[in-house]
Amino acid sequence: MTSFASTVFCRTQRVCQHLPVFLNTFLVFSITGEVSYLVLVEAPLEAEPKKKEWTACWKVVHLLAQYFMLGNICWNALLFLKTNPSIKGVFLGGDGLGQGWRYCYTCETHTPPRCSHCYDCKVCVLRRDHHCVFFGQCVGFHNYRYFLSCLLFMWSGLLYAVVMNAEVFIVILKEGVTLHSVLLLLIPWIMLVSGKVSARAFAFAFIADTCVVGLLLVSAFFFFHLFLMFRGQTTREWYSSRRPYSLGLLGNLRHMLGVRWYLCWLSPLIPSPLPGDGINFQVTGSLEPSQ
Ligand SMILES: [Zn+2]
Ligand SMILES: [Zn+2]
């Protein structure tokens, strides 16, 4: 019975670990589907009937932009998950006892500076930034570029979706700021379950709401990580008020995104080798907390 309970617990834990990835994938594809629908079908339904219908060329431009962003989100997410950021299979060097090196009792090995153990991934990760719960994987030296590019396209995609959905808000609020319209925007699920709105109105209100909430959330993550990248700092170092590895703005960009930092964010297919090895780092400041 105990082994059955532990099997059930392990399976539930595994499903829960992957749940955010499934949920995010579902939301990304739902939002893209909805904005494509808005472009192809609803675009002519402007508030004022005098406005002209979008031309086929303009619709194609919109669809290409949408699928470029979707492709980048999916490809970067895939490469992020496939790129192993841990010390597994990495030759850490013979001596391993220089400045900043530590011993990990769980992995039973000496680990280089900026490397730390992740209790979710159960392994030490090179230049570990944080464990991303949305992907169920650590952000480290080798997969940082894909993480940041994915955030960039999620942010731009959500910004675009919010602009496109502005019309949905206008249509909902066209009847005025009534209790019905406010409740539909704030609690669309309850309005659907109580039979106060159609499934179509619910779907539009739900996706429009998701875009706004998602944009606020992703903006916070994206700008925080941009700020850290410019400063050459990991989230861990920021928490402990240390910034000993900053190489200046251009140096930090090169170190985080690779030698083609100015181009590589356009597509994950553009090669951009990282200048370092994730083991040795140039120390430019105090290793002690500044406060
Ligand atoms: Zn470890
Ligand atoms: Zn982790």
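The values are calculated or read from the model by the stated rules, or taken from the named source; none is laboratory data. Everything numeric in this text was worked out from a predicted model, so none of it was measured. Note that we place each Cβ from the backbone using ideal geometry, even for glycine, and neighbour counts take in every protein chain shown.
For region 71-116, the candidate set comprises residues that are of a type in the set (Lys, Arg) and touching a residue at least 24 places away in the same chain (Cβ under 8 Å); within that set, the residue that is surrounded by the most Cβ atoms within 10 Å (Cβ to Cβ) is Arg114. Scanning region 250-272 for residues that are out of contact with any helix residue (DSSP H, G or I) (no Cβ under 6 Å at 6 or more places or on another chain), surrounded by fewer than 18 Cβ atoms within 10 Å (Cβ to Cβ), of a type outside the set (Val, Ile, Thr) and farther than 22 Å from Gln99 by Cβ yields a total of 9. May I ask you to verify whether Val177 is assigned to a helix (DSSP H, G or I) and either away from ligand 2 (no atom under 16 Å from the Cβ) or touching a Phe, Trp or Tyr at 6+ places or on another chain (Cβ under 7 Å) (or both)? For Val177, the condition - assigned to a helix (DSSP H, G or I) and either away from ligand 2 (no atom under 16 Å from the Cβ) or touching a Phe, Trp or Tyr at 6+ places or on another chain (Cβ under 7 Å) (or both) - is not met. Tyr105 satisfies every condition listed in (1) at pLDDT below 90; (2) more than 16 Å from ligand 2 (Cβ to nearest atom) except (1).
May I ask you to list the residues in region 117-129 that are among the hydrophobic types (A, V, I, L, M, F, W, C) and buried (at least 21 other Cβ atoms within 10 Å of the Cβ)?
Taking region 117-129 and keeping what is among the hydrophobic types (A, V, I, L, M, F, W, C), we get 118, 121, 123-126.
Those that are among the hydrophobic types (A, V, I, L, M, F, W, C) and buried (at least 21 other Cβ atoms within 10 Å of the Cβ): Cys124, Val125, Leu126.
When Phe134 is tested against (1) under 25 Å from Glu34 (Cα atoms); (2) away from ligand 2 (no atom under 16 Å from the Cβ); (3) among the hydrophobic types (A, V, I, L, M, F, W, C), only condition (2) is not met. The lone criterion from (1) more than 26 Å from the chain's Cα centre (by Cα); (2) in contact (Cβ under 8 Å) with a residue 60 or more places away in the chain left unmet by Phe141 is number (1).
Of the helices (runs of 4 or more DSSP H) entirely within region 185-280, those holding at least 3 residues that are more than 21 Å from the chain's Cα centre (by Cα) occupy 188-193, 199-231, 248-257.
Residues in region 214-226: is at least one among the aliphatic types (A, V, I, L, M) and touching a helix residue (DSSP H, G or I) at 6+ places or on another chain (Cβ under 6 Å)? Looking for residues that are among the aliphatic types (A, V, I, L, M) and touching a helix residue (DSSP H, G or I) at 6+ places or on another chain (Cβ under 6 Å), one finds at least one in region 214-226, hence yes.
Taking each residue of region 256-270 that is on the phi > 0 side of the Ramachandran plot and looking for partners that are hydrophobic (A, V, I, L, M, F, W, C) with beta-carbon atoms closer than 9 Å, six or more apart or interchain, yields Gly258/Cys264; Gly258/Leu274.
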